[in-house]
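A short worksheet on the structure shown next.
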Amino acid sequence: MSSSPRVQHNKPPVLEGQSQGSSSIMGREINIESIKALERQIEEGNGDAIELKRARNSLLNISTIVPPEILGDIFSWTLIRASSFSGFCEGSYNFLLVCHYWSEVASHTPKLWSFWGNTLQEWEKWHSRHPGFVPLDLVLNGNTGRMDNSIDSALRGALRDRAAQDTIRQLHLLWDHKVPLSSIISSLTPDGDRAQCKSIESIDLRSFGPSVLDVSNFFSRTYLPKLQSLRLHGVFKMASWGHLAQRTTLLTLLSLDIDKSPPSSTPTTRQLFSILASNPGLQLLSLVVPKIPEDSDYGSIPQVTLRHLKRLLLTGDLHRVFSVLDRLAFPRPLTFIEVTALDSTVEVISHTLGPYLQRYFQCDYEPRDRLAIEAYSSYNHISIVVKTQGGTPSFSPFLAKFRVSLDPNAAESREVLESLCHDFIAFTPRERAYAFATNLPRTRLEALLATMQNIERLGLSL
């Protein structure tokens, strides 16, 4: 971002009885006699009253001594949003009303206008203040502000201008209805069939209305070489997921929660892994995958290595979830892994997730890692949690959470579920555990407790 242009200070008028060269007002220093003289001129109506008042106020305002670049930075620091969809607090721009100097500094500080607010009303109010060359964070939270379904022609034109100028840095839109998201996406979509290069770094689209939001043209006509974060949550239409694999290479975050989208708009396993292979720098991967269609050549899909992955969240049918886990290679243990398998049977759990847990927990843990294990079984689900406990700021925290819910049509006995939970505990690094919590009967745990020497030595009990 370019530096703020320097504001030219208005020189105070020459006081009566003073020459231009002998003015007693030295720069911006406060001079009581000069202030009194200016006030006399204002009272007597001598000279331009507005200019005289500005000169007097500038002498009274010690902030005028502060360089405008620094004052502009201070203004920017006051405009902090809590999250990606939040706006500024009410009255955040009231500093514009303090004095003419502050207003002038603000008008010459481009980064103050890189955000239009997070409601349609604020967009309409502030978009005209945005300098065309300044990167724009375009944020809309449809849960706040006006709830109608239209954007006016002036705002639509401003969106098209910003898209054409390629100054949009972040595109974060959340709405419960198809419109105005469709109008906004349409305004930002390049014309023609050829893909245009755009400098967008973060896209977060969340559409939870009953209608399907069509983003096919936007992604097919947009090349995103700088995109680092992509979230799609809700109901979408995507004609071809191949565009994402071809036109993104720098993603560090990918989050897809599109399980309610039409089956034709969800990626196949091969398409998904093509996207992952094109973005080897991924650090966070979050997928809700119950409806990913199978490929006819599913078995030939190669494994993808994500060496920088730190957080992995998977939710869906166990078979689909395991098809992703089975083809992903990443460092172990991850900082955070959460796997939620839905509508499973004990047999499938035993033959897929069980062996995976055994392999996953065969890691080289840090000597200082103090582990806590939690294992719970209920009438329809089992959960296993392994995490670091306590330690110093230099320790390596991690959390692994595996949860399976049973098919509601399955009639498994409590004893079978407890036995499965017991097996899962056996796969964990229990010899390194310093804390252990479970709802299983102690009679089922005697053999496992014998391997938890740290817990016994520290006198910890169930």
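The values are calculated or read from the model by the stated rules, or taken from the named source; none is laboratory data. As the structure is a computational prediction, the values presented were derived from the model and not from experiment. Note that each Cβ is placed from the backbone with ideal geometry, even for glycine, and that neighbours are counted across all protein chains shown. Quick note on the areas: whole protein, heavy atoms, side chains included, nothing else; ligands and nucleic acids left out. Shrake-Rupley method; radii C 1.70, N 1.55, O 1.52, S 1.80 Å.
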With respect to Leu313, is the statement that it is in a loop (DSSP other than H, G, I, E, B), on the phi < 0 side of the Ramachandran plot and at pLDDT 90 or above true?
no
Picked from the range 168-183 (must be within 16 Å of Trp123 (Cα to Cα) and among the polar types (S, T, N, Q)), the residue most open to solvent (accessible area, probe 1.4 Å) is Gln170
Note on the range 426-439: residues aliphatic (A, V, I, L, M) and surrounded by 20 or more Cβ atoms within 10 Å (Cβ to Cβ) are Ala433
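Rundown of residues vs (1) in contact with a helix residue (DSSP H, G or I) (Cβ under 8 Å, 6 or more places away or on another chain); (2) of a type outside the set (A, V, I, L, M); (3) surrounded by fewer than 18 Cβ atoms within 10 Å (Cβ to Cβ), yes/no style:
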| residue | (1), (2), (3) |
| --- | --- |
| Gln165 | no, yes, yes |
| Ile185 | yes, no, no |
| Arg206 | no, yes, no |
| Pro210 | no, yes, yes |
| Val215 | yes, no, no |
| Phe236 | yes, yes, no |
| His243 | yes, yes, no |
Those residues of the range 320-353 which are hydroxyl-bearing (Ser, Thr, Tyr), within 24 Å of Thr388 (Cβ to Cβ) and not in a strand (DSSP E or B) amount to Thr335
Over the range 332-358, the set of residues open to solvent by less than 50 Å² (accessible area, probe 1.4 Å) and free of Cβ contacts under 8 Å to residues at least 24 places away in the same chain is Pro355
Within the range 108-120, of all residues that are assigned to a helix (DSSP H, G or I) and modelled with pLDDT under 85, the one surrounded by the most Cβ atoms within 10 Å (Cβ to Cβ) is Leu112
Quiz item: Does the range 268-276 contain at least one residue that is open to solvent by 10 Å² or more (accessible area, probe 1.4 Å), among the hydroxyl-bearing types (Ser, Thr, Tyr) and within 22 Å of Val324 (Cα to Cα)?
Solution: yes
Within the range 152-211, the residues that are in a loop (DSSP other than H, G, I, E, B), closer than 15 Å to Phe115 by Cα and touching a Gly at 6+ places or on another chain (Cβ under 9 Å) are Thr167
*Within the range 147-156, is there a residue that is among the hydroxyl-bearing types (Ser, Thr, Tyr) and in contact with a Phe, Trp or Tyr (Cβ under 7 Å, 6 or more places away or on another chain)?*
no
The lone condition Thr249 fails out of (1) in contact with a Pro (Cβ under 9 Å, 6 or more places away or on another chain); (2) within 20 Å of Ser150 (Cβ to Cβ); (3) modelled with pLDDT of 90 or more; (4) open to solvent by 60 Å² or more (accessible area, probe 1.4 Å) is (2)
